[in-house]
1. Just to verify a result, which residue in the stretch 46-58, among those that are farther than 18 Å from G127 by Cα and without any contact (Cβ under 8 Å) to a residue 40 or more places away in the chain, is surrounded by the most Cβ atoms within 10 Å (Cβ to Cβ)?
2. With N43, N32, N119 as the choices, which residue is at negative phi and open to solvent by 60 Å² or more (accessible area, probe 1.4 Å)?
3. How many residues are among the hydrophobic types (A, V, I, L, M, F, W, C), at pLDDT 50 or above and either under 20 Å from D38 (Cβ atoms) or buried (at least 23 other Cβ atoms within 10 Å of the Cβ) (or both) if we restrict to the stretch 122-150?
4. What's the number of the only condition in (1) in contact with a helix residue (DSSP H, G or I) (Cβ under 7 Å, 6 or more places away or on another chain); (2) closer than 18 Å to Q239 by Cα that T59 fails to meet?
5. Name the residue, out of S19, S25, S66, that is under 17 Å from the mean Cα position of the chain (by Cα) and surrounded by fewer than 17 Cβ atoms within 10 Å (Cβ to Cβ).
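The values are calculated or read from the model by the stated rules, or taken from the named source; none is laboratory data. This is a predicted model, so every value here is computed, not measured. Positions of Cβ are backbone-derived with ideal geometry, glycine not excepted, and every protein chain shown enters the neighbour counts. Note: accessible area is taken over every heavy atom of the protein model, side chains too, but ligands, DNA and RNA are not part of it. Shrake-Rupley method; radii C 1.70, N 1.55, O 1.52, S 1.80 Å.
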Amino acid sequence: MPSTVEISVTTQSGSDTGSGIILSSTGEILTNYHVIADAAQGNGTVKVSFSNGKTASATVTGSSASNDLALIKASGVSGLTPASLGDSSKVQIGDQVVAIGSPEGLSGTVTSGIVSALNRKVSVDVGGSSSGSGSGGFDGQLPRNWWNQQYGGGSGGSGNGSSSGTTATYQAIQTDASLNPGNSGGPLINSAGQVIGVNAAMYSDSSSDGSSSTDSGSVGLGFSIPINHVKDVIKQMEQNGSS
């Protein structure tokens, strides 16, 4: 819990909330790119809220839109508790997991479940509102026709047809731990208290009239970016600023 933060991005059109994982005692924080997309594009400011109630401003120090990952640096902080990063190659279907984050702005929310599938191919729109999605920190929700797009079957529909033109694709850990808007960027944790994935997307069905899925909650299909892949991207972002 002390290693998980709430991230708020404020733009001219409003504000959006996501989560993040503390990587260093001096304020390096990992999150999803779609959480801070507006700030990365110069159209928003970032504030971090810690588990002890303190807050700090933050800046984007690295980003990888194609992997839906980003690094931010909180200003004027020290003595933070870095998360323990695990080994996602050891994750097995059926493993018990816990997700921590700020779904719908409810900071410090903990949900539990199991790993329900591995290597699930996920593609999500990760652009900010300035890219045309109009949703700011869009919570990585898969479009309504995602199941048909990925597997050619199951219930679906036409979707709402909106896209910012920036897409991330990765092989995800699938979990039935409840994930909702605001969980993005938070940790998926194993029974040893190690981060095995970054919660990044959820499948949430929408009504047949093509309305957005942002009003729908978790249906037990959440997706996390495996931490071993994340570690490689972190190195690239730290070296190059972007990847």
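1. In this case the residue turns out to be A56.
2. After ruling out the rest, the residue left standing is N43.
3. 2
4. Here T59 clears every test but (1).
5. S66
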